[in-house]
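Read the structure below first, then the notes.
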Amino acid sequence: MDETAIAARFRLKVRCFNCKVDTIHTVDVPVADDAPDGIDELLDSQLLRNQRFTCRSCDAAIGVIVGVTEDREGIYA
Ligand SMILES: [Zn+2]
């Protein structure tokens with residue numbers, strides 16, 4: 001068993017509410033019965049609500065998700 005197995009990997013583009021700088025955040029979804037499968041499910045998921053955002057430029061804690069892509073290649077990289 002691979003304990004680090006993930007079901008999906010997403011890249012979130014998050015814009016800082018304060019300084020408007022975009023940063024990319026990688027979210028790994030662990031293998032689980034209720035793991036989100038697809039971007040729509042991810043956006044609805046508790047997993048995403050648990051993500052903590054801190055701007056790398058100004059340390060603001062509020063970010064707005066402006067884009068999400070699913071990265072199927074990255075899982076095995
Ligand atoms: Zn910022």
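Descriptive notes on the structure:
- Within the range 53-77, being within 11 Å of Val14 (Cβ to Cβ) and away from the ligand (no atom under 14 Å from the Cβ) holds for Ile65, Gly67, Val68.
- Matching residues in the range 1-10 - criterion: being in a strand (DSSP E or B) and either among the small types (Gly, Ala, Ser) or surrounded by fewer than 11 Cβ atoms within 10 Å (Cβ to Cβ) (or both): Ala7, Ala8
- Any hit, the range 52-70, residues being more than 12 Å from the chain's Cα centre (by Cα), at pLDDT below 90, loosely packed, with under 13 Cβ neighbours inside 10 Å and acidic (Asp, Glu): no
- A residue that is aromatic (Phe, Trp, Tyr) and in contact with a Gly (Cβ under 7 Å, 6 or more places away or on another chain) cannot be found anywhere in the range 56-76.
- Residue in the range 11-34 that is in contact (Cβ under 8 Å) with a residue 60 or more places away in the chain, away from the ligand (no atom under 16 Å from the Cβ) and either under 17 Å from Arg72 (Cβ atoms) or not in a strand (DSSP E or B) (or both) present: yes
- Residues in the range 20-37 that are at pLDDT 90 or above and loosely packed, with under 12 Cβ neighbours inside 10 Å: Lys20, Ile24, Thr26.
The values are calculated or read from the model by the stated rules, or taken from the named source; none is laboratory data. Computed from a predicted model, the values in this text were never measured in an experiment. Counting neighbours? That spans all protein chains shown, and the Cβs are built from the backbone with ideal geometry, glycine included.
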